[in-house]
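Data first, discussion second: the structure below is written as structure tokens.
Derivation of every value follows stated rules applied to the coordinates shown; laboratory data play no part. From a predicted model like this one, the values you see are computed outputs, not experimental measurements. In this analysis, Cβ positions are derived from the backbone assuming ideal geometry, glycine residues included, and neighbour counts consider all displayed protein chains.
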């Protein structure tokens, strides 16, 4: 009986290792954590807006909270393989624009990280 429990534990550990090697459980954990943080930020903004609805900025804050909530939902539903294939197709169809976007992103990141 004790040997069966050890075998079950070993096979569960092996399955977990396989998922981690594929990026399955680790990616899912990061994805869920990030989506939860976005949702929490949207909730915090909505609570602040609810307390001060007379402010002219409250409409913009409510809209930003909605966008954060939509982003959280999108992140929860995103399939990384589909995103990868979509990006590959986009780069193949428009290599010049892809290089410009990558260059601009690198420039912005360089400026942000330099400070």
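Taking the criterion of being surrounded by fewer than 16 Cβ atoms within 10 Å (Cβ to Cβ) and in contact (Cβ under 8 Å) with a residue 40 or more places away in the chain, the residues of the stretch 25-67 that qualify are 27, 31, 32, 34. Exactly one residue out of 89, 70 is closer than 30 Å to residue 25 by Cβ, loosely packed, with under 11 Cβ neighbours inside 10 Å and free of Cβ contacts under 8 Å to residues at least 12 places away in the same chain, and it is 89.
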